[in-house]
Amino acid sequence: MVNPKSLRGRDFITLMDYTTEEIKYLLALSRDLKSRYYQGDRYTPILTGRTLLMIFEKPSTRTRVSLDVAATQLGMHVIYSNPQELQLGRGETIADTARVVDRFVDAIAARVYRHETLLELARYAVAPVINALSDQEHPLQALADALTLWEVKGRLEGLKVAFVGDGDNNVAHSLMIIGAKLGWEVRIIAPRKYWPTKLAEELTEETRRTGAQLVISDNTDDVRGVDAVYTDVWVSMGMEAEAQERRQLLRPYQVNAELMARAGKQAVFMHCLPAHRGEEVTDDVIDGPQSIVWDQAENRLHTAKAVLLALLA
Ligand code: CP
Ligand code: NVA
């Protein structure tokens, strides 16, 4: 059993820092908040008088809007800014910014190019720092992914998920971490250049503990029999300089009707979105009967609420 107080005041930068029980607690809380939301309980101002500062170095639709709506529904005030509108854009350091805003706000959500920026914010701010996506991880997304799979498959245990495409990006990393924590089989199917070898090594002890399996392969036949096929864009934000090479290497890893047929009828299709239709996924798959991408996106709201509540209530 998790003591809810044990989550209070913590940073939410990586799911590596959270135990299996804590992750299950956050998922159960998300599910509970979602069901209350559907019963009409939308405004629960438990965090009235608190402020969430969001600093986003990159564009965002789902993360920005879901965090803002989640905080608002909990009674919080929200400030959104990009670095250019802050003195950060004129060279004030992350450390000095963190020390100052920490005296005003109760939590800082940041979307950054470099994961180290989050660590630097956390070093100088006492308030919880929430990772709204970095080059390395996207833990809010992984929570929503796990909640969606739990709802759709009716269980959290023993799931098999294949991530096909850029296996070394933020979304793939967070999926591996949550999969390792929850005892899943996660298959990363990617060209060798995009294998998440370093993270897989770092997760060895965790997988041994939970019985999870991390399989890394360059063979798309390895989608057979999985519960879910997951993909993400081939060119993540900040990687535009490599766009041409990535599109070329990743072309054989497109999730299309043929690949979904190889996976099997039981497999759902997942994508964190935004999708580049016609690249990593075809229209017929993302709009087809196996796709659960809109439920996945919807769950960003309820998981964001759970995180804010757990860290701040
Ligand atoms: N999935 C996700 O994080 O989307 P946004 O970039 O729109 O926030
Ligand atoms: N891997 C993508 C995820 C966007 C939500 C990116 O970093 O651009």
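Taken over region 286-302, the criterion of being open to solvent by 10 Å² or more (accessible area, probe 1.4 Å) and touching a strand residue (DSSP E or B) at 6+ places or on another chain (Cβ under 6 Å) is satisfied by 290, 291, 292. In region 173-191 there is at least one residue that is within 15 Å of ligand 2 (Cβ to nearest atom) and either modelled with pLDDT under 95 or open to solvent by 10 Å² or more (accessible area, probe 1.4 Å) (or both).
Examine region 57-73 for a residue that is at negative phi, away from ligand 1 (no atom under 16 Å from the Cβ) and not aliphatic (A, V, I, L, M), and state whether such a residue exists. Give the derivation first.
Pass one, region 57-73, residues at negative phi: 57-73.
Those left that are additionally away from ligand 1 (no atom under 16 Å from the Cβ): 72-73.
Checking the rest, the ones that are also not aliphatic (A, V, I, L, M) come to 72-73.
Yes, region 57-73 contains a residue that is at negative phi, away from ligand 1 (no atom under 16 Å from the Cβ) and not aliphatic (A, V, I, L, M).
Being open to solvent by 50 Å² or more (accessible area, probe 1.4 Å), closer than 19 Å to residue 164 by Cβ and more than 16 Å from ligand 2 (Cβ to nearest atom): is that true of residue 224 here? Yes.
For region 246-276, filtering for residues that are surrounded by 13 or more Cβ atoms within 10 Å (Cβ to Cβ) and free of Cβ contacts under 8 Å to residues at least 24 places away in the same chain leaves 0. Starting from residues that are open to solvent by less than 50 Å² (accessible area, probe 1.4 Å) and not in a loop (DSSP other than H, G, I, E, B), keep the ones in region 7-27 and report whichever is farthest from residue 68 (Cα to Cα). The extreme case among them is 20.
Residues are listed down the side, and each one gets a yes or a no for (1) modelled with pLDDT under 95; (2) touching a Gly at 6+ places or on another chain (Cβ under 7 Å); (3) within 28 Å of residue 303 (Cα to Cα):
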residue: 223; (1), (2), (3): no, no, yes
residue: 239; (1), (2), (3): no, no, yes
residue: 247; (1), (2), (3): no, no, no
residue: 253; (1), (2), (3): no, yes, no
residue: 277; (1), (2), (3): no, no, yes
residue: 285; (1), (2), (3): no, no, yes
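Annotation: residue 220 fulfils all but one of (1) under 30 Å from residue 8 (Cα atoms); (2) in contact with a Pro (Cβ under 8 Å, 6 or more places away or on another chain); (3) not aliphatic (A, V, I, L, M); the unmet one is (1). No other residue among 133, 121, 143 is aliphatic (A, V, I, L, M), within 15 Å of the chain's Cα centre (by Cα) and on the phi < 0 side of the Ramachandran plot apart from 143. Cβ separations smaller than 7 Å between residues 6+ apart or across chains give the following pairs from region 68-81 residues that are farther than 18 Å from residue 34 by Cβ and at pLDDT 95 or above to residues that are open to solvent by less than 10 Å² (accessible area, probe 1.4 Å) and assigned to a helix (DSSP H, G or I): 78/71.
Specify which of the listed residues (243, 200) is under 30 Å from residue 60 (Cα atoms), modelled with pLDDT of 95 or more and within 14 Å of ligand 2 (Cβ to nearest atom).
243
Within the option set 47, 53, 86, being aliphatic (A, V, I, L, M) and in contact (Cβ under 8 Å) with a residue 60 or more places away in the chain holds for one residue only, 47.
Candidates in region 257-285 are the residues that are away from ligand 1 (no atom under 14 Å from the Cβ) and within 18 Å of residue 141 (Cα to Cα); of these, the one that is farthest from the chain's Cα centre (by Cα) is 268.
The values are calculated or read from the model by the stated rules, or taken from the named source; none is laboratory data. Nothing here was measured: the structure is a model prediction, and the numbers come from that model. Ideal geometry is used to build each Cβ from the backbone, glycine not excepted, and the neighbour counts take in all protein chains shown. Calculation scope for accessible area: heavy atoms of the full protein, side chains included, ligands and nucleic acids excluded. Shrake-Rupley method; radii C 1.70, N 1.55, O 1.52, S 1.80 Å.
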